[in-house]
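Trainee: There's a structure below that I have some questions on.
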Amino acid sequence: MIETEARVLQVEPGFAWVEPRPHSPCGQCDPVHGCRSLQLARAFSLRQPRFRVLDRLGVQPGDRVYIAVPEAGMLRSAALLYALPVLALLAGAMLAAPAGELAAVLAALASLLLTLFVVHRYSRRLAADVRFQPHVASRLPPQQLSMEIVTTCRSRR
């Protein structure tokens, strides 16, 4: 499981809207501005992120919680979104290569578009599967301060 700390903003029956705790520079890179990955994340973050997660514990607004995401879901999503379309693009081009360059380009694009359509349909099915959804794993005690000790930069892991 991949876990992160978050604050509950509001609750719905069976779900909670949470705001993840912002990550700060770890000190391994630039101590003031953080590493380049943190700078990129801040640059593309237009607003504070909010996520809807499963709530099996009955949390209340203002609670600090740990949110868990199953690693299997993350790995499956990464393979679906990145590896499969690239493999389809290459396979389409290689299969049509004997017919000429134009045929290879058209087959590559056609296989890519078909794969993106299939990925889109399959991802909707995965999104509805409870096994792959982020959920509230545990509640933090109100007085507990979160002290995360970072030994190496997150972007170097």
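The values are calculated or read from the model by the stated rules, or taken from the named source; none is laboratory data. In this text the structure is predicted, and so the values were computed from the model without any measurement. Glycine gets a Cβ as well: all are built from the backbone with ideal geometry, and neighbour counts include every protein chain shown.
Trainee: Could you tell me whether any residue of the stretch 34-44 is surrounded by 13 or more Cβ atoms within 10 Å (Cβ to Cβ), part of a loop (DSSP other than H, G, I, E, B) and at pLDDT below 60?
Mentor: Yes - at least one qualifying residue is present in the stretch 34-44.
Trainee: Restricting attention to the stretch 94-122, which residues are under 27 Å from GLU3 (Cα atoms) and surrounded by 14 or more Cβ atoms within 10 Å (Cβ to Cβ)?
Mentor: VAL119
Trainee: Continuing with this model, one more query. For the stretch 62-73, how many residues meet the condition of being surrounded by 12 or more Cβ atoms within 10 Å (Cβ to Cβ) and more than 13 Å from ARG139 (Cβ to Cβ)? Can you show your working first?
Mentor: Looking only at the stretch 62-73, we keep the residues that are surrounded by 12 or more Cβ atoms within 10 Å (Cβ to Cβ), and these are 63-70, 73.
From the residues that got through so far, the ones that are more than 13 Å from ARG139 (Cβ to Cβ) too are 69-70, 73.
Total meeting the criteria: 3.
Trainee: For GLN28, work out the one condition from (1) exposed (fewer than 14 other Cβ atoms within 10 Å of the Cβ); (2) at pLDDT below 90; (3) not in a strand (DSSP E or B) it doesn't fulfil.
Mentor: The one condition GLN28 does not meet is (1).
Trainee: Quick one: in the stretch 62-99, of everything that is outside any helix (DSSP H, G or I) and under 24 Å from VAL130 (Cβ atoms), which residue is farthest from the chain's Cα centre (by Cα)?
Mentor: Among those that are outside any helix (DSSP H, G or I) and under 24 Å from VAL130 (Cβ atoms), it is ASP63.
Trainee: Based on this model, can you work out whether ALA127 counts as within 19 Å of GLU12 (Cα to Cα), assigned to a helix (DSSP H, G or I) and without any contact (Cβ under 8 Å) to a residue 24 or more places away in the chain?
Mentor: Criteria met by ALA127.
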